[in-house]
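Reading through the C-alpha cells given below for one structure.
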Amino acid sequence: MSPMQNSYLTQSGTRRGLLAWVLSTDHKRIGLLYLVSVLSFYTVGVLLGLLMRLELLTPGKTIVQASTYNAFFTLHGVIMIFLFVIPAIPAIFGNFFLPILIGAKDVAFPRLNLLSWYFYIGGAILVVTALFAGGGPPDTGWTFYVPYSLRSGTNVSLAVFAAFILGFSSILTGLNFVTTIHRMRAPGMRWMKMPLFVWSLYATAWVQILATPIVGITLLLVILERLFGVGLFDPAKGGDPILFEHLFWIYSHPAVYIMILPAMGIITEIIPVFARRTIFGYKAIAYSSIAIAALGSLVWGHHMFVSGQSYTANVIFSLLTFLVAIPSAIKVFNWVATLYKGAIDTAPPFLFALAFIFLFSIGGLTGLIQGALSVNVYVHDTYFVVGHFHYVMFGGTGFAFFGGLHYWFPKMFGRMYSKGRATVALLILFVGFNMLYFSMFLLGLQGMPRRYYDYLPEFHTGHVVATVGSWVLVAGLILMFANLLHALRKGEKAEDNPWGGKTLEWRIASPPPPENFEEVPVITSGAYDYGAR
Amino acid sequence: MFPDAASTFASPVDGAFLFITAICVFMLALITFLMVFFTIKYRRTRHPESENIEGNLLLEIVWTVIPTILVTAMFYYGWIGYREMVNVPEDAITVQATGRMWSWLFEYENGRKSDTLHVPVNRPVWIKLVSVDVLHSFYVPAFRIKKDVVPGVDNSLWFQPDEIGSYDIFCAEYCGTGHSAMLSKVDVMPEKDFQAWLEGAGAPAPLSGKELLKAKGCRGCHSLNGPSLVGPSFRGIFGRREKVMTGGREQEVVIDEAYLRRSMLEPAADVVVGFPPIMPSQKGVLSEEELVAIIEYLKTL
Ligand SMILES: [Cu+2]
Ligand SMILES: [Cu+2]
C-alpha cells in the first residue's frame, strides 16, 4: 500500500534532525510537536493527581504537609487545564487534520501556527519555573481567587503570567482555524458538506478568540495588583474581589466549551465511520455547536451563586445554565440515533466513543443538579463539583482525546496498534475512572468541601475508594500508552483507510505525504455519504 | 447519602435534588440502554448492511422540546427552594460570624463571643458574615446552607434549625494553608438552654493555653512536636535562639515573653527566617487572659 518513503514524517528538507521539527511550519509536524509536549505535561498532571489522591488516603498527614498538598492541587489544575485539556484536541488533532479534512495543503498562517507552539512551550517553561523559583510553587488553586492570590508569598505572579502567555497560544490557534475554514476549503466543500469535527473547531475557535483576551487582561491586572497594589481587587484598598470572580469566569466558563466542543467533534467523526452509515441529524449537530458556543458565553455566573452576587443575577444565570444543556442533549440523542440500523464495528475508537457518551452524560446531568439554585447552595465548593467537572473534562474531553488518538493513530503514524490490548486498557480505565470520580459525588453529597488537605472520619471510606480507583485508572493509562508506543515501532503497517471512513484524510496515504494531496480534491459528496458507495 | 437534616431548608433542597436526580437517572438509563442495545443488535457481523437515515425533523423537535420542558421544571424547583433562603424573617436572632485565617468567631447582640455557634431550635437565625482577610465560606451541611465570606462585602445568610444536636461548620472557600482546619460546630439547643447560655450561665471555664492553640487554629501552621509546617514548631520555643527578619534586616533574638506577645499581635514585625510572612494578627481575637495562657503554655513545650 502506501510507501513510507514520501511522508511528512520522513520528508527531507533543508534542515536535519530536531531542527527539521521545531522549525517546521508543516501543520502535521506542528501537530506532532503539540502531541509530544501536551502528553509530557499530561503525564506530570497525572502524577500530581496521583500524589493528591495518595495524600488523601488517610485523614491528617499521609505523605506531605498541607502547604505541599495545596501546591499539588494548584499545579494539577493549572497543568491539566492550560497545558492539557484546552490545547489537546484543537492543537494536536485540529492542526493535524483540519487542513486535510477540508482539502487544504496547510492552515492559513503556517508561521503563526509554529509561533503558537512556541508560546505554548514558553508558557509551559514558566509554569515549571514557578515550581522551583524563589517563593515556591503557587498555592492558590487554579482559579487564583483574590485576595488570597494577592497575599500568597508563593510564585503566583509567575504562574499567572504563564497562563497569560498560554492564552496567546490559544488565541493564535483560534485565529488560524477561523481563517483557514473560511478561506481554504477545497472546491465543492460547502459549509454544509464540512465534516462535523471542522464545525466544532470553528465554534471553538470563535470562543478562543473572543473569550481568551478577557482572562489575559484579568491575569495581567492580578500581576499589577501584586506588584504595585493598584487596588482594583484588594478590598483593603477599596477593590472588589467579586469583580475578579466575574472577570475570571467570563473566560473560564466558555473555556469549558473550548475544552468540550472539539471532543464532541471527534465523537461525531468516529460514530458514523464505525456504524458505517451517515450521521443522523447533520444540521442539528452543526448548529448545536454554535448554540453551545453562544449560550455558553452567558452562564458564567453559575460559579458564583453563593458569592453574594445579586438574587436576580442568580435566577437569570440559573435559567441560562439549564438552557445550555439542551444543545448538548441534542447531540447525544443524534449520536445514539446514528447507531440505529448501522453496521457496527466495535473497534477501540468506537468503544471510546461509547464510554465518552456515558461519562459525558453523567457529567452533563450532574451539571443540571448543580444548576438548580437551592441544590447549588448545598453542593457548591464540595466534592460533588470536583466529580462533575472530572466527568466532563476527563470522562468527556479526555476519553474523546483517547478515542481520537486510537482513531487517527494509523493515519498519523502509518502503523496499527493491538486492538485487543487497547480494548482491555479502555475497560481498566473505565472501571478506575468511575471508582475515582463517582465516589466524589457521594462525598460531596455527604458535605465534604473541596481543596481540603484533612477531613473528618465520616469521609474516610469515600476517599479510600477514590484513591484505589486512581491506581486502577493509572494502570489503564499505562497499558493504553504502552500499547501505542509499542505500535509506533513494531505495529503492523496500517492501510490508507483501515476503518472505512469517507472523510478526506482516509483518501490519502498513511502517513500522509508532505503536501497532503497530490492534486486539489474536488468535493462532490458529503462527509458521511455511506449511501453512495 | 445525605448527612443529618437539621433545618427547614433540608426538605426543599433534598426534594429538588431528588426530583432532578430522578429525571437524570432515567435519561442516563435510556441513553445507555439504547446505545448498548443498538450496538449489540446492529453489530456488523449480524447486520452487515446499514441504512442511511439522514435525520428526522419530528424526532429533532421532540428531543428538543421535551428536554426544554424538563429543564425548565428543574430550574423552577431549584428557584422556589432558593427564594426562601433569601428572605430573612423579621424576628430572626442576629449573630455576626467572623472568618479569619483559620478560625471562626461568633458574636451575639449582647456581646457574648464564642468559637462555636449556639442557636435555639425552631427560631430563625440571621448570620452576618465578616471576613478580616481573604475569602472564606460559611457552610453547614446539616442545614443545607452556604455563603461566601467576602472581605468588604456585607454577605449574610439565615436558617431555622429544627433538630436539637451538634453539627459541623466547614470553611468551603479555599483560604490558604489552614483551610481544612477551619472547622467549628453549631449547637442547636432548646430555647431555655440557649437563653441561659447567652446570659453567660454554664459558660465553660476559660480555655487552657493548649485548648486555645487548637480553637484558634494555630496548630494548622505550628506543630507541637518538632516538624516545621508553614511556621516554626512550638517545641522548645521558649528561650530558643532564632534568626528573624526585622524591617528587612536580619537579626538574632532569644525568644522571650515579649517576643511571643509581639508575634501574636504584630506577626509581621519579626518573621523567623525561612518562613513566609503570612501569619494573621491576633489583635482583637485573643483577650489579655488568653495571651497570657498561651504564653504560659508555650513555656512548657
Ligand atoms: Cu461554568
Ligand atoms: Cu477556607
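Can you give the net charge of the other residues whose Cβ lies under 9 Å from the Cβ of B:Val254, counting K and R as +1 and D and E as -1? Provide the component values of the computation, followed by the final result.
Values: positive: B:Arg240, B:Arg241; negative: B:Glu242, B:Glu252, B:Asp256.
Charge balance in the 9 Å sphere: -1.
What residues of region B:137-180 lie in the reach of a label at B:Asn122, counting those whose backbone N is under 18 Å from a point 7 Å from the Cα along Cα→Cβ? Residues B:159-166 qualify, since their backbone N sits under 18 Å from the label point. Across chain A, the relative contact order, built from alpha-carbon pairs under 8 Å that are at least six residues apart, equals 18 percent. Extending 7 Å from the Cα toward the beta-carbon at both B:Arg249 and A:Asp529 defines two label points whose distance is 8.5 nm.
Counting every pair of alpha carbons in region A:156-197, the share spaced more than 11 Å apart comes to 71 percent.
For the residue pairs B:Lys243/B:Lys283; A:Lys331/B:Lys41; A:Lys237/B:Lys214, the C-alpha atoms sit more than 27 angstrom apart in A:Lys237/B:Lys214. Label separation (B:Leu301 vs B:Asn87): 5.1 nm, computed from points 7 Å beyond Cα along the C-beta direction. Taking all protein chains together, B:Cys218, B:Cys171 sort by accessible area into B:Cys218, B:Cys171, largest first [probe 1.4 Å]. Once the Cα atoms are used to define both axes, helix A:419-446 deviates from the longest principal axis of chain A by about 20 degrees.
Viscosity 0.890 mPa s, temperature 25 °C: what is the translational diffusion coefficient of region A:17-507 from Stokes-Einstein with a Kirkwood Rh over Cα pairs, rounded to a whole number of µm²/s?
107 µm²/s
Dipole magnitude for region A:1-152: computed about the Cα centre from +1 point charges on Lys and Arg Cβ and -1 point charges on Asp and Glu Cβ, it is near 260 debye.
Computed from Cα atoms, the angle from the helix A:66-78 axis to the main principal axis of chain A rounds to 30 degrees.
Work out which GluC sites (Glu not before Pro) in chain A are exposed loop sites (DSSP not H, G, I, E or B, at most 10 other Cβ within 10 Å) and give the longest gap free of them. Spell out each step's value before the answer.
On the way: sites that count: A:Glu518, A:Glu519.
My reading of the result: A:1-517 is the longest stretch.
Note on surface exposure: A:Met192, A:Met264 rank A:Met192, A:Met264 by accessible area, highest first, 1.4 Å probe. A 1.4 Å probe run over region B:10-85, with the rest of the protein chains in place, finds 56 Å² accessible per residue.
Which net charge results for the neighbourhood of A:Leu9, defined as the other residues with beta-carbon distances under 10 angstrom from its beta-carbon, given Lys and Arg at +1 and Asp and Glu at -1? Provide the component values of the computation, followed by the final result.
Numbers: positive: A:Lys28, A:Arg29; negative: none.
It works out to a net charge of +2.
Ranked from largest to smallest solvent-accessible area, with a 1.4 Å probe on the protein heavy atoms, B:Ser156, A:Ser7, A:Ser310 come out as A:Ser310, B:Ser156, A:Ser7. Looking at region A:166-210, the trypsin sites (Lys or Arg not before Pro) that sit in a DSSP loop and have at most 11 other Cβ atoms within 10 Å of their own Cβ are A:Arg190.
When the surface is traced with a 1.4 Å probe over the full set of protein chains, A:Trp249 keeps roughly 20 Å² accessible.
With charges only on Cβ, +1 for K and R and -1 for D and E, what is the dipole size of region A:153-287 about its Cα centre, in debye, rounded to 20? It would help to have the intermediate numbers written out before the result.
On the way: 9 positive and 5 negative charges, 184 e Å.
Here the size comes out at about 880 debye.
With a cut-off of 14 Å between beta carbons, the residues surrounding B:Leu129 carry a summed charge of -1, where Lys and Arg count +1 and Asp and Glu -1. Ligands, DNA and RNA aside, B:Met279 has an accessible area near 80 Å² when probed at 1.4 Å.
Over chain A, dividing the summed -39,500 (n - 2.57) contributions of all DSSP H runs of at least 4 residues by the number of residues returns a 222 nm mean residue ellipticity of -21500 deg cm²/dmol. Per-residue 3J(HN,Hα) values for region B:40-50, derived from phi via the Karplus relation 6.51 cos²θ - 1.76 cosθ + 1.60 with θ = phi - 60°, read 6, 5, 9, 5, 4, 5, 9, 9, x, 9, 7 Hz in sequence order (x marks Gly and Pro).
How much of the DSSP bridge set in region B:93-200 is antiparallel, in percent, rounded to the nearest 5? Around 70 percent of the beta bridges assigned by DSSP in region B:93-200 are antiparallel ones.
Averaging the sequence gap over all C-alpha pairs within less than 8 Å and six or more residues apart, then dividing by the number of residues, gives chain B a relative contact order of 14 percent. The distance between label points at B:Arg240 and A:Val520 comes to 7.6 nm (points 7 Å beyond Cα on the Cα→Cβ vector).
How much of the accessible area of the protein assembly as shown, probe 1.4 Å, is carbon plus sulfur, in whole percent?
Numbers: 19790 of 31130 Å².
Taking all protein chains in place, the protein assembly as shown shows 64 percent carbon and sulfur surface.
Working from the Cα coordinates of region B:10-85, the gyration tensor eigenvalues give, after taking √(5λ), semi-axes of 37, 16, 5 Å in decreasing order. The accessible area of B:His47, taken with all protein chains in place and a 1.4 Å probe, comes to roughly 50 Å². Projecting the Cα atoms of B:Leu260, B:Leu291, B:Gly236 onto the charge dipole of region B:209-299 (Cβ charges, centred on the Cα centre) puts B:Gly236 farthest toward the positive pole. When both bridge partners sit in the protein assembly as shown, DSSP labels roughly 75% of those beta bridges antiparallel.
Give the relative contact order (percent, whole number) for region B:209-299; include only Cα pairs under 8 Å separated by 6+ residues. Relative contact order of region B:209-299: 28 percent. Under 16 Å from a label point set 7 Å out along the Cα-to-Cβ vector of B:Ala268, the amide N atoms of region B:95-110 belong to B:101. Size check on the protein assembly as shown: the Cα extents along the three principal axes, sorted descending, read 89, 58, 44 Å.
Using the alpha carbon gyration tensor of region A:156-275, what are the three equivalent-ellipsoid semi-axes (square root of 5 times each eigenvalue), largest first, in whole Å?
Values: eigenvalues 283, 40, 23 Å².
Values for region A:156-275, descending: 38, 14, 11 Å.
The magnitude of the dipole of the protein assembly as shown, with charges of +1 and -1 set on the Cβ of Lys/Arg and Asp/Glu and taken from the Cα centre, is near 3100 debye.
The values are calculated or read from the model by the stated rules, or taken from the named source; none is laboratory data. All values reported here derive from a predicted model rather than from experimental measurement. In this analysis, Cβ positions are derived from the backbone assuming ideal geometry, glycine residues included, and neighbour counts consider all displayed protein chains. These area figures cover heavy atoms from the full protein model, side chains too; ligands, DNA and RNA do not enter into them. Shrake-Rupley method; radii C 1.70, N 1.55, O 1.52, S 1.80 Å.
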